[in-house]
Structures are given as C-alpha cells and as structure tokens.
Amino acid sequence: MSQVVNRPKEYWAIKYRLAILETLYFVVLIIGAGVFKITPAFFSWAQHAFRAYPIAFIFYFSSLIITYNFLNFPFSFYHSYRLEHNFGLSNQNFRSWLLDYFKQTALSSIISLILLSVFYAAVSYFQYTWWIWVAVFWILFSLFLAKLVPIIIIPLFYKTSPISDEPLKKRIVLLAEKLNIKLIDVFEIELSKKTLKANAAFTGLGKTRRVLLGDTLKDKYTQNEIELIVAHELAHFHYRHIWKLISINACFITGSLYLIFRTAAAVTDYLQMESIASPGSFLVLVGYLTGLEIIFTPLKNFCSCYFERQADNLALKLTQNKESFITMMEKLSQQNLSDPSPSFLAKIFFYDHPPVNERIEAARNFKNRDIS
C-alpha cells in the first residue's frame, strides 16, 4: 500500500533530479567549451571551409545544435521515454518516440537558426539599437508561432478532430454564451496512442484559437467534470491570459537583450573573447539567456499560477459545481501521478500550475457567487 501512496512522490523526485542534473550538465558543457575555446576555433574553421558567410553560419550553428542534441540524448531518452514507461504513463513504442524526437529536434533547430540569424544580422548592422530590432522580431516571431501551434505544430505529433459528443458540445456553447464568447472550436486531441496522461489546453491566436481536450479524458470523466475542464480553458480566453503571458515574455526578452547590450562588451573583454557580434562568442549569449531564464523562472511561474487560480475560480462560478471540480482534480492527480505536496523550491522552479492539493483546497473553500 505504501508503494502506491508514494508512487507520485517517487516519480516527481526523479523528474526533479533529472532536471537539475540536465541543467548542471548543460552548464558544464558551456564552461568546458569556453575554457577550450571550442566555438571560436570551430567558427574560424567554418569560415575558411565555406567562403560564403551564410553557408558557414548555417553549418556552424547546425553542427553545434546537432552536437548538443547528441550529447544530451541520454537525458532526453530517459526522462521522456524510459521514465514514462517505468511508471506506466506511456504506451508509445520506441520507433514512434524516436520519430517524434527527430521531428521536435528539427523544428527547434529551424526556429533557433532563424532567431540567431536575425540576432547576428542586427548586431552587425545596428551598433546601438540592435537589441530593439532583435526584441521586436523575436516577439513577433513568438506571436507567429503561437498562431501556428494548433494548426501546424500540434498536428505534426498528434491527430486532432472536432468533438463529436453533441450533448457536451451544447454544454460548451452555453458556457461560452455565459462569458459572451463567440464559440471557438473545441477539438479532441488523440493523446492515447502515446500517453496515458490526461490533458487539456487553450491554444492559438485569432482564428486559430481553440480548446484541445485529450481523448484520454473520455470514459474516465463525467460530463460535469469535462464541462469544468472546458470552463477553465474558456476562462483563460475571458481573462486574455495568453496575451498577458505573451506580454510578460516580451518584457523578459526585451529586458534580457538590453542587459546583454549594456554589459556584453565587458564580459567578452574579461573572458578574452571576440565581441558578442561574432558567432564565435555564441557561448556568451547562451550563458546570458540560460542564467536569466533560471533567475526569472520563479516570476514567470508565479504569474502563470495566478492566472490558473483565476481560471479555476471563474470555472467554479460558471458551473457552480465544486464537487465535480474536486473529483475531476483528484482523477487528474491520480492519472498523471501529480505530486500532491511539492516542496517550496519545487513549486517556484517547476510549477506553472498550482499543485493539485492547493487547487482542491481552494475549491472546498469556494462559495457560490455571481460571475463578475
């Protein structure tokens, strides 16, 4: 019996350790490459091997990305394949997982190359204002990707289709009308071929925005419980949470680039490296972005958790059904092996949603009120 009770704790303890080890491993790789001047030497060689700068640039960064993914493959394999199978959370075979891994790697590599190309072009042409141009492009590009996520990126990995449950669809229409929301598409996403976890999301922008409900919710959740899940996702739209998160990320991007602009010269001089404008000093940029991401993760998680609590509260107001909310959260916790009571440090660094126990306690204390 104790093994069953401690299974979520065991699962998440491994995930926390893996995340910390992978971060430390990444830092060691950066320091090692910096000490041995690997990136400047390799970029210099690429320039000599390929006389055309664009080709040398693409070859250089593609090689770095491939090398890193090769060195990091054991972590990727263990935490996204082996660990999930060990705890009975995945039914995806290795061939399917490997195909997804290559698709994800290729997609992230293309995105990285686009962002880096703009960064180095701007640094070269705009000595004092490059950080503004890079920030504008990176932010607009993130909006572009957010719009493409439900119609191009997600279909690369999962099959989606409009929900066919007519009674549930009618309930969703009524929920949307309560919030004066013009009905957006609600889709079912085929998770069951790869995972046994349940999930739902509000994604996309403009005409591509939609609610995605995992098919792993079927047969395990009542219509009242699924209605609450949809109400939560509609609440995100009602409060414009996606736009608020994009705004927070835009501030982070702009602030980070401005800090690099103001301090990078001193850092590269101290490290006896070329200026930040040279791709050979790429590790300096990586160090900045990695360090700042770690520092600001608690703040971003705090904002996200606040939005999630808002969405929970509005979902309860819409449905006036806290009993179903509690049973829904308990089922999700069991199905996904959620850590019921993570430590304070785990919450601030790893949780962009409040822990399940906190959400259930908030529901128990909820008093029915009118929508406001």
Worksheet item: Do you know which residues across region 268-283 are open to solvent by less than 50 Å² (accessible area, probe 1.4 Å) and out of contact with any Gly (no Cβ under 7 Å at 6 or more places or on another chain)?
Response: THR268, MET273, ILE276, ALA277, SER278, PRO279, GLY280, SER281, PHE282
Response to the item:
Selection from region 287-326 of residues touching a Ser or Thr at 6+ places or on another chain (Cβ under 9 Å) and open to solvent by less than 50 Å² (accessible area, probe 1.4 Å) yields TYR288, THR290, LEU292, LYS317, SER324, PHE325
Worksheet item: When you go through LEU245, LEU259 one by one, which is the residue that is open to solvent by 60 Å² or more (accessible area, probe 1.4 Å), assigned to a helix (DSSP H, G or I), more than 30 Å from ILE58 (Cβ to Cβ) and not small (Gly, Ala, Ser)?
Response: LEU245
Practice prompt. Could you tell me which of the residues PHE252, PHE296, PHE307, PHE325 is in a helix (DSSP H, G or I), within 17 Å of the chain's Cα centre (by Cα) and under 30 Å from LYS178 (Cα atoms)?
Written response: PHE307
Worksheet item: How about region 328-372: which of its residues are within 19 Å of ALA13 (Cα to Cα) and not in a helix (DSSP H, G or I)?
Response: LEU337, SER338, ASP339, PRO340, SER341, PRO342, SER343, TYR351, ASP352, HIS353, PRO354, PRO355
Worksheet entry | Residues of region 76-87 satisfying the condition of being under 22 Å from PRO8 (Cβ atoms) and open to solvent by 40 Å² or more (accessible area, probe 1.4 Å) | TYR78, HIS79, SER80, ARG82, HIS85, ASN86
Worksheet item: Looking at region 14-37, which of the residues that are of a type in the set (Phe, Trp, Tyr) and assigned to a helix (DSSP H, G or I) is least open to solvent (accessible area, probe 1.4 Å)?
Response: TYR16
Discussion item. Cβ contacts < 8 Å: first residue more than 13 Å from TRP97 (Cα to Cα), restricted to region 70-85; second residue among the acidic types (Asp, Glu) and surrounded by 14 or more Cβ atoms within 10 Å (Cβ to Cβ), any location; separation 6+ or different chain. Result?
Written reply: ASN72/GLU22; PHE75/GLU22
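The values are calculated or read from the model by the stated rules, or taken from the named source; none is laboratory data. Predicted model, so just to flag it, every value in this text is computed and none were measured. Note: ideal-geometry Cβ built from the backbone for every residue, glycine included; neighbour counts use all protein chains shown. Calculation scope for accessible area: heavy atoms of the full protein, side chains included, ligands and nucleic acids excluded. Shrake-Rupley method; radii C 1.70, N 1.55, O 1.52, S 1.80 Å.
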